[in-house]
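Before any comments, here is the structure.
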Amino acid sequence: MSYIVADKLVKKFGKGDAAVAAVADISFQIGEGDFVAIMGESGAGKSTLLGIMGAMNVPTSGKLVVDDIDIYGLGQEQRADFRREFLGFIFQSFHLVPYLTVIENVMLPLAVVKAGKKKKRQMAEEALAQVGLLEKARRLPNQISGGESERVAIARSIVNEPPILLADEPTGNLDTKTSREIMELLLRFNQEGMTIVMVTHSPACAGYAQRIMRVTDGRLAEDDSKIRSIERWAKKERKREPLIMKKSTMI
C-alpha cells in the first residue's frame with residue numbers, strides 16, 4: 001500500500017478564462033521511507049505541488065491521501081494537527097528568528113506540544129545533536145554560518161520526529177561543499193526511515209534520491225522510479241517504526 005497518494009491534483013490561480021493551472025492533473029504514489037526529488041524549470045509548479053503535499057495549499061480539485069488520511073477532507077484545525085504530527089518543512093530561506101538563540105529557534109515548533117519546558121529543551125538538544133550543532137545552541141543566527149543556519153532549520157524541522165520531511169530547495173543558497181554536507185544529512189535521515197520529498201534544481205542533489213519526478217508546465221512529465229545507484233544506499237537496510245499519530249482525532 002502506498003503511503004502518499006496524489007489523485008488528479010489541480011491547482012488553478014485566477015478565475016474564468018484568465019485562470020492558470022500551476023498544477024494540472026498530477027497523480028502519483030510514494031512509498032513509506034522513499035526519497036523523492038521533484039525537478040523542473042522555475043514556474044513549473046514544483047513548489048505549488050509541495051505546498052499541496054504540505055497541507056498548506058488547498059487544491060482546486062483532486063485528492064491527497066497520506067497514510068489513509070484524506071488531507072483536504074479534514075477541517076483547518078485537523079490539517080494543522082496533521083502538519084504538526086506528520087510533517088517537517090525545510091525551505092530555501094532559513095526563516096530563523098534573529099533575536100532567538102539557535103536552540104530557541106529549534107524549540108519553536110514545540111510551542112503547541114503538550115510537554116514541560118525541560119522535555120522540550122531536551123528534544124531540541126537531541127535535534128541539534130543530530131545535525132552536529134549542539135555546541136552552538138546558545139548562539140544567535142548572526143553568529144553562525146549559512147550552512148550552520150540551514151542545519152538549524154533542519155533541526156527545527158525534525159524536532160517533532162516527523163515521519164515525512166518536505167524540503168524546498170534546501171541547498172539553494174549554499175556552496176557546493178556545504179550542499180553536499182546537507183544532502184548527506186538528509187540521506188542519513190532517509191536511511192533511518194524518514195520519507196523525504198525534495199524540490200531541487202540541482203542534478204547533484206537529485207542524485208541522492210531514489211526517484212526523480214520531473215514537472216513541466218504543471219504536469220508530471222517524467223517519473224524515474226528506479227533505485228538510484230548509490231552504493232551505500234544499497235548496503236543500508238532502512239528501518240521504519242509505526243506512526244504514533246492518533247488518526248481518530250482527524251476523522
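Rule-based calculations on the coordinates, nothing more; no lab input. A quick note: this is a predicted structure, and the numbers were derived from the prediction, not measured. Using ideal geometry, Cβ is built from the backbone for each residue, glycine included, and neighbour counts are taken over all protein chains shown.
The table for this structure:
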quantity: Bridge type composition, the chain - antiparallel percent by DSSP, nearest 5; calculated: 55
quantity: Under the Karplus curve 6.51 cos²θ - 1.76 cosθ + 1.60, θ = phi - 60°, whole-Hz ³J(HN,Hα) for the range 15-20, x wherever Gly or Pro sits; calculated: 10, x, 5, 8, 5, 10
quantity: Computed helical MRE - 222 nm, the chain, DSSP H runs ≥ 4 contributing -39500 (n - 2.57), nearest 500; calculated: -9000 deg cm²/dmol
quantity: Environment charge of residue 42, counting only residues whose C-beta is closer than 14 Å and scoring Lys/Arg +1, Asp/Glu -1; calculated: -2
quantity: Violating pairs (Cα-Cα greater than 27 angstrom) within the set 114/177; 15/63; 12/177; 136/177; 46/119; calculated: 114/177; 12/177; 46/119
quantity: Order of 176, 216, 101 - criterion: other Cβ atoms within 10 Å of each residue's Cβ, fewest first; calculated: 176, 216, 101
quantity: Nearest-0.05 FRET efficiency for residue 93 and residue 122, computed from C-beta distance (R0 22 Å); calculated: 0.20
quantity: Net charge contributed by nearby residues that have their C-beta within less than 14 Å of residue 217 (K/R +1, D/E -1); calculated: +2
quantity: Label-point separation, residue 18 to residue 142 (7 Å along Cα→Cβ), nm; calculated: 4.2
quantity: Residues 3, 208 arranged by fewest to most Cβ contacts within 10 Å; calculated: 3, 208
quantity: Student exercise, the range 4-250 dipole from Lys, Arg, Asp, Glu Cβ charges, in Debye to nearest 20; calculated: 660
quantity: Amide hydrogen neighbours beyond the local backbone of residue 92, cut-off 5 Å, H modeled; calculated: 168
quantity: Antiparallel bridges, percent of DSSP beta bridges restricted to the range 148-232 (to nearest 5); calculated: 50
quantity: Selection from 91, 43, 61, by position along the positive dipole direction of the range 36-106 (Cβ); calculated: 43
quantity: The chain, relative contact order [Cα under 8 Å, separation at least 6], %; calculated: 27
quantity: Hz values of 3J(HN,Hα) by residue in the range 95-106 - Karplus curve (6.51, -1.76, 1.60), Gly and Pro given as x; calculated: 6, 8, 7, x, 8, 9, 5, 3, 5, 5, 5, 5
